[in-house]
Amino acid sequence: TDLSKIRNFSIVAHIDHGKSTLADRLIQETGTVKERDMQAQLLDTMDIERERGITIKANTVRIDYTADDGETYVLNLIDTPGHVDFAYEVSRSMRAVEGSLLVVDSSQGVEAQTLANVYHAIEADHEIVPVLNKIDLPASEPDRVAEQIEDVIGIDATGAILVSAKTGEGIHETLEAIVNELPAPKGERDAPLKAMLVDSWYDAYLGVIVLVRIIDGVLKKGDRIRMMHTNAVYPVDRIGVFRPQMEPIDELGPGEIGFLTASIKQVRDTRVGDTITHEKKGCAEALDGFKPAQPVVFCGLFPVDNAEFEDLREAISKLSLNDASFSSEMETSAALGFGFRCGFLGLLHLEVIRDRLEREYNIDLITTAPSVIYHVYLRDGSMMELHNPADMPDMSLVDHLEEPRIKATILVPDEYLGDVLKLCQDRRGIQIDLTYAGSRAMVVYDLPLNEVVFDFYDRLKSVTKGYASFDYTIEDYREDRLVKMSILVNEEPVDALSTMVHQDRAEARGRAMVEKLKDLIPRHMFKIPIQAAIGGRVIARETLSAMRKDVTAKCYGGDATRKKKLLEKQKKGKKKMRQFGKVEIPQSAFISALKMD
Ligand code: GDP
Ligand code: MG
């Protein structure tokens, strides 16, 4: 395709502002998909994405559009993930295109993820077209929101397009703006092949599918390609484009976006951001800025029922095939038996994987406290990365600890500002900035990631009735007074409940945890002490009193079927319990105990 007739773009938006609906409209308007084949929100493929209304994997579509000037253009849309956990993927896919539609809900205004995502677009030197969506809503205030875009983001919004992705209003204007305002890609057909690996995923029929953007040169079926980062060579067996279903094509030239398959065994062999070239006469230099995505949050996943360990192993290895950013290694816990220590890009990523294991693979799981990676500096001068509080060395060997800190940006209506400041303060936050954009405050906080990974986002949503939006970037590692807190149930340490806490907060946190556990653990036939301890020192203690009667006692001498039913019911309830010494702890306790009110 003639370079001047190509436009590559992405859509940046806060969640729920209408990115997927707009993408679907663009596809529909150009006749790329017949009306009857339109499923609600074509581009969100996975069930969990659809249910939660978020886009996780980047998707892409090629649209042919005959513009008002009579020319036919090829528009390539890359749909980027819309969540902070996937910031690296967002920034990479932005580098594969020249422009962005900045979609803002005109009844809501700019939100934290609008900012985070538009900054990726600005960094990638995009031409940006502002789109004010949902103008059909009575609460829509396009003028105010356009002004806000200028004030907060600092880009010209006078030409913003007024759109309703719901009714279709402004869709034609949006297509014209893509053609007229976004630049055509540049590239040289005669140069050695240089292509960016934008994304990759596992397909049950075709194996690993690699989404590429050709910078220079031409890619053809049968070519032998080299991944410049891994140095692996593969023969290309298919190339094609997405419309949005896969369609084979003869070649991909400069400026084009499409896919290849090459008998690549696992997604792990394809690194987002890597440069693809020909095995022979390849390009001299790879694209810059490559870095593999690193997991930042770790937790243990254990089957409630030990017999399901093999199932869990298989499920995890299947999920890993499709997700290179998720790491796992086997772990044994004295209390929980065999399981896996898994690493994730963030909390949402963790939840998505855990949900899929439970729902698609039908495995009941115990999730241990999420933990960040601490840097433990030992007295002998060495440093260890601590992924699991259970591996914390004895304090006598430790010189000091460092923890990751983040820069969090929160946008919130005025009236909730006080609650947000208090929440951040409670989580050891340091305020960096506080500004106003209309009636909304924008606060920037420096926070320990550790204080955010658990339930910060839930708390933020609840204190602001859902009106706050939040985004973060990881900044650096800093020293602080951190200790490992252990939980003992019936005098036995339950390693899965160990957490790293700040010294000044240890007592309060410990007390809260033992009080919670007292409510969460059912009574037994004997008294159960529940303790929080640092090293050998108990800092909080509760006692769960003994149960008076057997549950079946009231059936004695009575109805035998009723008794049987009760016992069966009890057995079913037990499925979600784990035995710790003589004590049974329900699965739900592991997460609930950690939530702070
Ligand atoms: P995304 O999270 O940015 O992909 O947002 P979606 O496209 O999933 O849209 C979020 C919600 O807003 C859905 O319920 C859509 O039906 C709705 N929506 C999207 N565009 C419009 C619009 O122009 N007008 C109205 N009234 N609702 C819209
Ligand atoms: Mg969406």
key: In nm, spacing of pseudo-spin labels at GLU479 and GLU188 (7 Å Cα→C-beta vector)   = 5.2
remark   = With 0.36 nm assigned to each residue of separation and the Cα-Cα distance removed, ALA334 to LYS422 gains 27.9 nm
task = Using a 10 Å cut-off on Cβ atoms, rank the peptides 298-305, 469-476 from the highest mean neighbour count down.
result = 298-305, 469-476
key: Residue-span extension gain [ASN231 to LEU321] - 0.36 nm each, minus C-alpha spacing   = 30.4 nm
key: Per-pair calculated FRET efficiency, R0 = 35 Å: ASP2 and GLU279 via Cβ, rounded to 0.05   = 0.80
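Kindly rank 17-24, 509-516 from highest to lowest mean number of other beta carbons found within 10 Å of each residue.
Result, highest mean first: 17-24, 509-516.
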request  = May I ask for the net charge around GLU71, where only other residues with Cβ less than 10 Å from the Cβ of GLU71 are counted and Lys, Arg are +1 while Asp, Glu are -1?
outcome  = -2
request  = Grab the other residues whose beta carbon is less than 11 angstrom from that of LYS134, score K and R as +1, D and E as -1, and report the net.
outcome  = -4
query = If the limit is 20 Å between Cα atoms, which of LYS186/LYS291; LYS407/LYS461; LYS422/LYS465 go over it?
reply = LYS186/LYS291
inquiry  = With viscosity set to 1.002 mPa s at 20 °C, what whole-number translational diffusion coefficient in µm²/s follows for the stretch 158-298 from Stokes-Einstein and a Kirkwood radius over Cα pairs?
reply    = 128
request  = Give me the net charge of SER200's neighbourhood, meaning all other residues with Cβ under 9 Å from the Cβ of SER200; Lys, Arg count +1, Asp, Glu -1.
outcome  = -1
Three-way shape call for the stretch 127-191 based on the alpha-carbon gyration tensor, with the a/c threshold at 1.5 = oblate
remark   = Expected sort for 404-414, 118-128 on mean C-beta neighbours within 10 Å, highest first, is 404-414, 118-128
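Given a Förster distance of 41 angstrom, what is the FRET efficiency for GLU181 paired with ASP288, based on the Cβ-Cβ distance and rounded to 0.05?
0.90
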ask   = So for the pair GLU360, GLU29, with labels modelled 7 Å out along Cα→Cβ, what separation do we get in nm?
value = 3.3
query = For ARG224 and GLU515 in the same chain, what is the full-extension length gain: residue separation times 0.36 nm, less their Cα-Cα distance, in nm?
reply = 98.5 nm
request  = Give the relative contact order (percent, whole number) for the chain; include only Cα pairs under 8 Å separated by 6+ residues.
outcome  = 10
query = In whole percent, how big is the carbon plus sulfur part of the accessible area of the chain, probe 1.4 Å, protein atoms only?
reply = 47
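Eigenvalues of the Cα gyration tensor times 5, then square-rooted: what semi-axes does that give for the chain, in whole angstrom, largest first? Don't jump to the answer; show the numbers that get you there.
Working: eigenvalues 442, 159, 127 Å².
Calculated on Cα positions only, the semi-axes equal 47, 28, 25 Å.
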note = CD proxy, 222 nm, the chain: helix-only mean residue ellipticity via -39,500 (n - 2.57) per DSSP H run with n ≥ 4, per residue, nearest 500, stands at -7000 deg cm²/dmol
key: Surface accessible to a 1.4 Å probe, per residue, for the residues of the chain, Å²   = 44
ask   = So, in nm, how far is label ILE155 from label GLU491 when the simple model puts each one 7 Å beyond its Cα toward the Cβ?
value = 6.6
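The values are calculated or read from the model by the stated rules, or taken from the named source; none is laboratory data. The shown structure was predicted, so the numbers you read here are calculated from the model rather than taken from an experiment. Don't worry about glycine lacking a Cβ; one is built from the backbone with ideal geometry, like all the others, and counts go over all protein chains shown. When the accessible area is computed, the model is the full protein with side chains, heavy atoms only, and any ligands, DNA or RNA have been set aside. Shrake-Rupley method; radii C 1.70, N 1.55, O 1.52, S 1.80 Å.
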